[in-house]
1. Just for the Cα atoms in region A:81-156, what are the lengths along the principal axes, largest first, rounded to whole Å?
2. When 1/r is averaged over all different Cα pairs and the result inverted, which Kirkwood radius in Å belongs to region B:30-73?
3. Over region A:20-148, calculate the relative contact order: mean separation of alpha carbon pairs under 8 Å at least 6 apart, over the residue count, as a percent.
4. Give, rounded to the nearest 20 debye, the magnitude of the charge dipole that region A:15-69 has about its Cα centre when Lys and Arg contribute +1 at Cβ and Asp and Glu contribute -1 at Cβ.
5. What's the average, rounded to a whole number, of partner chain beta-carbon atoms within 10 Å of each residue's beta-carbon in B:70-78?
6. For chain A, return all DSSP H helices satisfying: extent of Cα atoms along own axis at least 15 Å; mean Kyte-Doolittle hydropathy at least -1.0.
7. Cα convex hull of chain A: how many Å³ per residue?
8. Is there a pair in A:K97/B:K70; A:K162/B:K85; A:K137/B:K163; A:K98/B:K70; A:K163/B:K72; A:K98/B:K56 whose C-alpha atoms are over 27 Å apart, and which pairs would that be?
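Coordinate-derived values only; no laboratory data. Please read these numbers as outputs of a predicted model, since none were measured by experiment. Every residue, glycine as well, gets a Cβ built from its backbone with ideal geometry; the counts of neighbours run over all protein chains shown.
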Amino acid sequence: MSDSSLTSDNRATLDEIDRAIVRATQAGLPLVPEPYQQVADEVGISSQEVQSRMQCMLDQGCIRRIGAVPNHYTLGFRGNGMTVWDVPDEKVREYGKKIGDLDFVSHAYHRPRHLPEWSYNLFAMVHGKDRSEVDHKTAQIAELLGDDCQAHEVLCSSRILKKTGLRIV
Amino acid sequence: MAIAERRQTTFTPPPLQPPVEAPVIPLLTTLEKRLLNEFQHGLPLSPTPYADMAEKLDSSEQEVIRLLQKLKELGYISRVGPVFKPRQVGYSTLAAMAVPCDQLHTAAEYVTSRSEVNHNYERHHHLNLWFVVTAADQAAVEQVLTEIETHCGFTVLNLPLLKPFHIDLGFPLWN
């Protein structure tokens, strides 16, 4: 997938049937032998159409992935460190891609600085079983950035106050 | 205080979750770990996806469905299904607030009570409340931020996504 398809300006257009599929599947697929058939019955189209439309949403990037969605917290991954980095603006894209490719990083984003109180322009979510594992992985990112890392911090979560899935329409 | 009174009458907040404790690593079988590791993406868009998974795992469709059901009931997976790209269906932003300790509980409860907030975390930092606001468009999101700012009395740092670098395909839980 090209980078351009991921920018905010390039949104896939979903029609009413696509939206009905989103509504029928956002809380999960039914755990029955033919889950897409059950979704199809709910939406009122054929199972084949459900599958082809979901494939299309995958190709467009509207669906990131289809699979088991782990709950990292209950699985013992409680580090959940939001690492934030101050890198030169002209290099944020290059480093964002490199950091995003690390297998322990689930998300990497360029976000705006708000000087003077917030100087970090690159965010990377690092997951680990505990704080020391997150720190170890953060050190690997720091090493990758070298002198281009002007400052960084790790913001570990102390409480999850709310975490809900996407709700649309 | 007028604001405090209004808070008490406008919503009944859920109780806060307890603070992070020492992790309890669940005992999982090899097959359960493989289900979690290998099927965070790539669930087949075929008439019988669980049977297809079973074939790759040298298992049976019935067993795969049973284990996924079990992992879901135990809370180890939240669901099996599509993960949608958030901004496709509206506009969202990451926001942060620095709240004094003695007011954190009240501010956090208000933020959580807003239906536009889908994630809300307390983090170890002077900016200690981090939340994601999602609404139909940018103006609606900024309106919510303004309301939170006004209600709580603290400046909200608005950190919208400028560019994502990674499609979240899940990541290995065990090597």
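1. Over region A:81-156, Cα extents along the principal axes are 32, 24, 21 Å.
2. Values: mean 1/r = 0.0964 Å⁻¹.
Hydrodynamic radius (Kirkwood, Cα pairs) of region B:30-73 is 10.4 Å.
3. Across region A:20-148, relative contact order equals 21 percent.
4. Result for region A:15-69 is approximately 280 debye, rounded to the nearest 20.
5. Working: counts 0, 5, 5, 0, 3, 4, 8, 8, 10.
So the per-residue partner count for this stretch is 5.
6. Values: long enough: A:47-60 (20 Å, -0.91); A:131-145 (21 Å, -0.48).
Qualifying helices: A:47-60, A:131-145.
7. 153
8. On the way: A:K97/B:K70 36 Å; A:K162/B:K85 19 Å; A:K137/B:K163 22 Å; A:K98/B:K70 36 Å; A:K163/B:K72 16 Å; A:K98/B:K56 31 Å.
From A:K97/B:K70; A:K162/B:K85; A:K137/B:K163; A:K98/B:K70; A:K163/B:K72; A:K98/B:K56, over 27 Å: A:K97/B:K70; A:K98/B:K70; A:K98/B:K56.
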